[in-house]
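Written below as structure tokens is the structure these notes are about.
The values are calculated or read from the model by the stated rules, or taken from the named source; none is laboratory data. Being a predicted model, the structure only gives us computed values, none of them experimental. No Cβ is skipped: glycine too gets one built from the backbone with ideal geometry, and neighbour counts run over all protein chains shown. For accessibility, only protein heavy atoms count, side chains too; no ligands or nucleic acids. Shrake-Rupley method; radii C 1.70, N 1.55, O 1.52, S 1.80 Å.
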Amino acid sequence: MATFLVGALVAAAFFFAVRHVYRNFRDGKEDCCGNCSGCHGCSAKR
Amino acid sequence: MATLAVALTGNPNTGKSTIFNELTGARQKIGNWPGVTVDKKVGYTRYKDRAISIVDLPGTYSVNARSPEEKIVIDYLMNNKLDLVMDVVDSSNIERNLFLTVQLLEQGIPLLIDLNMQDDAERRGIRIDVKKLEEAIGMPVVETVGRSSKSTRKLLDVFTDTVMSQYHVSAQVQEHIDRVQAIRAKDIPDSSKEEALIEARYELIDKIMAQAVNTEHVSQSVSEKLDRYLANGFLALPIFLAILYAVFQITFTWIGQPIADVLDDVINTDFVAFMTDFLTDAGVADWLVSLVCDGIIAGVGAVLTFVPLIFVLFFCLSFLDGTGYMARIAFIMDPIMRRCGLTGKGVMPLMMGFGCGVPAIMGARALDSEKDRMVSILVTPFLTCGAKLPIMALFAAMFFPDQAANVVFAMYIAGVVMAIVAAKCLGATVFRDKGSTFLLELPPYRLPDMKTVLLETWDKGKGYLVKAGTIIFAASVLLWVMSNYNFSGPCEIEDSILAMLGSWMSQLFVFHGFATWEAGAALLSGIMAKETVVATMGILYGAADVSTEAEDAIETAGAFMNTGMATSFTALSALAFMVFSQLYTPCVTALGTIKKEAGGWKWVAFSAVYMFVTAWLISLLVYQIGRLLGF
Amino acid sequence: MTLKEGKPGMLLKVQHIHDSELKERLMTMGLTPGTRVRVLRSAPFGDPMAIGVRSYSLALRRADAEKVEVVMAS
């Protein structure tokens, strides 16, 4: 019983994790630190 | 009442983001503008029973729609029905700031002009007569002093009370607009038209300045005095190195590491012991207990341990960014960067590369020439990103306990040197004959707004947490399966699929001193995400299984100390391994970004291969020369 | 003379900018004919240089500064 419960929990978490990774890949997104909007440095643009 | 729609626009370095953060606090949504990877920030607040939505547009010097940011600003302002557009102007730099203001007025966009950082301007002796400025332009003007709750309330008052339709541009601005239309209608080349327009705008600005601003008693600014040391000649370089070194000391010795040690203790000993007991008592099957404790907790935990380091490092970088010092780094590094085939401005995306290669590669967009951009994209992944940091921190703490911070610092320097050498080579071969320029505002030094720094730190750091919970979690499960099974079922770890793949990979490192299948497997998994190198080590060497009796040895990575890992490497081979992990093929996410930004699989294949080869050679050199020297 | 020859402390006046990639951007950043410019300092090895223009500081390389024709301002 406990095995089943914990197993289901891990399986569900694994599913969501893989889905997240897959969706990131599909949408061309990434989790790393956003992008450089907060950076005042790269501002003198064309 | 309907929601009040407000948009903030203005030049870079005007304190616009600070105002946005002060107004909306944490009630922000960060998304993307359609089609481009530029942050779209929308915040919400309530004032006097009125709901207010505020959009923070990217900071730009003009709106000629040449960069994605400029296009976003003008498109958004032209195509949306807004109740109020606030143009944030840095009072001490009002002259150039008014350029954008004038350009927006030409487009028929009514503006609320915010003279921000009035206190700074006043201290420098720049006196702006608000009444006269309102008359000269015909638009409402409000004064603020950056971060202060008084200013915030004042702005909210103005937002809710101002009715923009009551305001009309002054006669001289209208005259200017007519003149602009006349110039546009002329039959001359576009570039001459554009130049005539720019001159006309500054003529109007000179007029407005003469009417409303008194600059007779302007004194030398504090920034000017500071720059005599921080951005002047050779003295600037050692100061820069010292500041960088201080950041590392803060991260690895003073603040980050001590917290990481505590966390390591809690996760890798207390929590594992608790979970093992708890699950076993509950009657969970042994294989599942192993999956949870030796797989998931060991893998994810090994990565989570380094969260404090990442956050402290990001905090330091955001703080430096907020002071205005980053632009000086670009300035003083340009002579060196240029000789290496890069530009000083490339330093900023590169500094971001210490956080994560992905935004750093995207940040290369800010560079002026195609050559600078491509070279920067291709060399950025050599740097020590936040995900490589755990590898360096772990090995340094285990094999160089007395010199940990220095060894990690040396690894960072090695990454930088390699990036510079690669840039030089690429610049001299692949991207020869392409010009490069450098034009950069040196903004005044400011004390960063803490709210902004913290929000930025959280913004950047949370990606690391999300990754731990998703890709690292999934990878840990897979790695556990691969290390406990082979094609015929459960097996000893030495016969597992992972051992097979790892030993195949490790063939490459026979002369590097770390030809163990564990190292091979760790490096192989590192291509998925660099954090998994440490996660794999955690699973393979069973750091989680360490008993609590090792209290005295619990410094950093204390949990790893009593495992096979300490005997699998010598100090020298550990160093060779660190060098290899530092330089080899970037993670898949970074490769994906390279494809997007550099345009094409060609560049992905190129960077994957040339980085692997470089890493292999350098690491070999380190090990073999080290042996010759008798280490 | 051109802005390239500017030494720290000099007060100069922009005459004309020769055609170059940067011309429009330099003008947008405030370097229009007639504008007064103060040379502030330079980075290690003397290049790039920092100038004060329209009450802010701007950094540019000497190679680009060569395109900016200036005269000494009194």
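Please go through region B:131-158 and pick out each residue that is in contact (Cβ under 8 Å) with a residue 60 or more places away in the chain, open to solvent by 10 Å² or more (accessible area, probe 1.4 Å) and either within 14 Å of chain C (Cβ to nearest Cβ) or under 24 Å from B:A210 (Cβ atoms) (or both).
Scanning region B:131-158 gives B:K132, B:E135.
Please work out which one of (1) farther than 30 Å from B:E122 by Cβ; (2) open to solvent by less than 30 Å² (accessible area, probe 1.4 Å); (3) not polar (S, T, N, Q) is the condition B:V213 fails and give its number.
Against the list (1) farther than 30 Å from B:E122 by Cβ; (2) open to solvent by less than 30 Å² (accessible area, probe 1.4 Å); (3) not polar (S, T, N, Q), B:V213 comes up short only on (1).
Exactly one of (1) at the interface with another protein chain (Cβ under 7 Å from one of its Cβ atoms); (2) surrounded by fewer than 18 Cβ atoms within 10 Å (Cβ to Cβ) is unmet by C:R38. Its number?
Here C:R38 meets the rest and fails (1).
I'm told B:M450 meets every condition in (1) crowded, with 20+ Cβ neighbours inside 10 Å; (2) under 24 Å from the mean Cα position of the chain (by Cα) except one. Can you identify the failing condition by its number?
Every listed condition holds for B:M450 apart from (1).
Picking from B:F248, B:F240, which residue would you name as being within 18 Å of B:A405 (Cβ to Cβ), of a type in the set (F, W, Y) and open to solvent by less than 60 Å² (accessible area, probe 1.4 Å)?
Going through B:F248, B:F240 in turn, the sole match is B:F248.
Residue check: is B:R184 over 21 Å from B:D206 (Cβ atoms), without any contact (Cβ under 8 Å) to a residue 40 or more places away in the chain and in contact with a Lys or Arg (Cβ under 8 Å, 6 or more places away or on another chain)?
When the stated conditions are applied, B:R184 passes them.
From the list C:R25, C:R61, which one is within 22 Å of B:A327 (Cα to Cα), touching a strand residue (DSSP E or B) at 6+ places or on another chain (Cβ under 9 Å), open to solvent by less than 30 Å² (accessible area, probe 1.4 Å) and among the charged types (D, E, K, R)?
It is C:R61.
Among the listed residues B:T280, B:T251, which satisfies the condition of being more than 19 Å from B:K530 (Cβ to Cβ) and either in contact with a Cys (Cβ under 7 Å, 6 or more places away or on another chain) or hydroxyl-bearing (S, T, Y) (or both)?
Among B:T280, B:T251, only B:T280 is more than 19 Å from B:K530 (Cβ to Cβ) and either in contact with a Cys (Cβ under 7 Å, 6 or more places away or on another chain) or hydroxyl-bearing (S, T, Y) (or both).
Filter region B:333-343 down to the residues that are facing another protein chain (nearest Cβ under 7 Å) and crowded, with 24+ Cβ neighbours inside 10 Å and list them by number.
Passing the criteria: only B:D334.
Among the residues of region B:179-188, which ones are open to solvent by 80 Å² or more (accessible area, probe 1.4 Å) and not in a helix (DSSP H, G or I)?
Those that are open to solvent by 80 Å² or more (accessible area, probe 1.4 Å) and not in a helix (DSSP H, G or I): B:K186, B:D187.
Okay, residues lined up against (1) of a type in the set (G, A, S); (2) on the phi > 0 side of the Ramachandran plot; (3) crowded, with 23+ Cβ neighbours inside 10 Å; (4) within 8 Å of another protein chain (Cβ to nearest Cβ):
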site: B:A302; (1), (2), (3), (4): yes, no, yes, no
site: B:F319; (1), (2), (3), (4): no, no, no, no
site: B:F331; (1), (2), (3), (4): no, no, yes, yes
site: B:L350; (1), (2), (3), (4): no, no, yes, no
site: B:G363; (1), (2), (3), (4): yes, no, yes, yes
site: B:K371; (1), (2), (3), (4): no, no, no, no
site: B:V375; (1), (2), (3), (4): no, no, yes, no
site: B:P381; (1), (2), (3), (4): no, no, yes, no
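I need a count of the residues in region B:417-447 that are open to solvent by 50 Å² or more (accessible area, probe 1.4 Å), closer than 30 Å to B:L572 by Cβ and not charged (D, E, K, R).
3
Would you mention how many residues in region B:460-474 are more than 19 Å from B:G538 (Cα to Cα) and in contact with a helix residue (DSSP H, G or I) (Cβ under 7 Å, 6 or more places away or on another chain)?
The qualifying residues number 2.
So B:A327 clears everything in (1) surrounded by fewer than 24 Cβ atoms within 10 Å (Cβ to Cβ); (2) touching a Ser or Thr at 6+ places or on another chain (Cβ under 9 Å); (3) within 8 Å of chain A (Cβ to nearest Cβ) except one condition, right? Which one?
Single failed check for B:A327: (1).
Restricting attention to region C:1-33, which residues are at the interface with chain B (Cβ under 9 Å from one of its Cβ atoms) and on the phi > 0 side of the Ramachandran plot?
C:G30
Quick check: is even one residue across region C:37-47 without any contact (Cβ under 8 Å) to a residue 40 or more places away in the chain, polar (S, T, N, Q) and out of contact with any Leu (no Cβ under 6 Å at 6 or more places or on another chain)?
Looking through region C:37-47, at least one residue is without any contact (Cβ under 8 Å) to a residue 40 or more places away in the chain, polar (S, T, N, Q) and out of contact with any Leu (no Cβ under 6 Å at 6 or more places or on another chain).
Quick one: B:I113 ticks every box in (1) more than 14 Å from chain C (Cβ to nearest Cβ); (2) of a type outside the set (F, W, Y); (3) farther than 18 Å from B:V213 by Cα bar one, so which box is it?
Every listed condition holds for B:I113 apart from (3).
Which of the residues spanning region C:54-68 are more than 7 Å from chain B (Cβ to nearest Cβ) and over 8 Å from the mean Cα position of the chain (by Cα)?
Residues satisfying the conditions are C:R62, C:A63, C:E66, C:K67.
Contact list please: Cβ distance under 6 Å, first residue in region B:390-408 and touching a residue at least 24 places away in the same chain (Cβ under 8 Å), second residue among the acidic types (D, E) and assigned to a helix (DSSP H, G or I), pairs at least six apart or on different chains.
none
Within region B:499-524, track down each residue that is open to solvent by 10 Å² or more (accessible area, probe 1.4 Å) and under 19 Å from B:G299 (Cα atoms).
Listed by number, the residues that qualify are B:L501, B:W517, B:E518, B:L524.
If you take the residues of region A:1-19 that are open to solvent by 100 Å² or more (accessible area, probe 1.4 Å) and among the aliphatic types (A, V, I, L, M), which of them is farthest from B:V477 (Cα to Cα)?
Among those residues, the one meeting the criterion is A:M1.
Quick test for you: out of B:T563, B:T556, B:T585, pick the one residue that is crowded, with 18+ Cβ neighbours inside 10 Å, within 30 Å of B:P359 (Cα to Cα), of a type in the set (V, I, T) and modelled with pLDDT under 80.
Of the residues listed, the single one that is crowded, with 18+ Cβ neighbours inside 10 Å, within 30 Å of B:P359 (Cα to Cα), of a type in the set (V, I, T) and modelled with pLDDT under 80 is B:T556.
Only one of these conditions is not met by B:M411: (1) without any contact (Cβ under 8 Å) to a residue 60 or more places away in the chain; (2) more than 14 Å from chain A (Cβ to nearest Cβ). Which number is it?
Against the list (1) without any contact (Cβ under 8 Å) to a residue 60 or more places away in the chain; (2) more than 14 Å from chain A (Cβ to nearest Cβ), B:M411 comes up short only on (1).
In region B:36-45, is there at least one residue being crowded, with 20+ Cβ neighbours inside 10 Å and modelled with pLDDT of 85 or more?
Yes, region B:36-45 has at least one match.
Could you pull out the residue among B:G256, B:G283 that is more than 14 Å from chain C (Cβ to nearest Cβ) and either without any contact (Cβ under 8 Å) to a residue 40 or more places away in the chain or among the acidic types (D, E) (or both)?
After ruling out the rest, the residue left standing is B:G283.
Given the options B:S17, B:S91, name the one that is buried (at least 16 other Cβ atoms within 10 Å of the Cβ), in contact with a strand residue (DSSP E or B) (Cβ under 7 Å, 6 or more places away or on another chain), over 25 Å from C:E24 (Cα atoms) and not hydrophobic (A, V, I, L, M, F, W, C).
When all the criteria are applied, what remains is B:S17.
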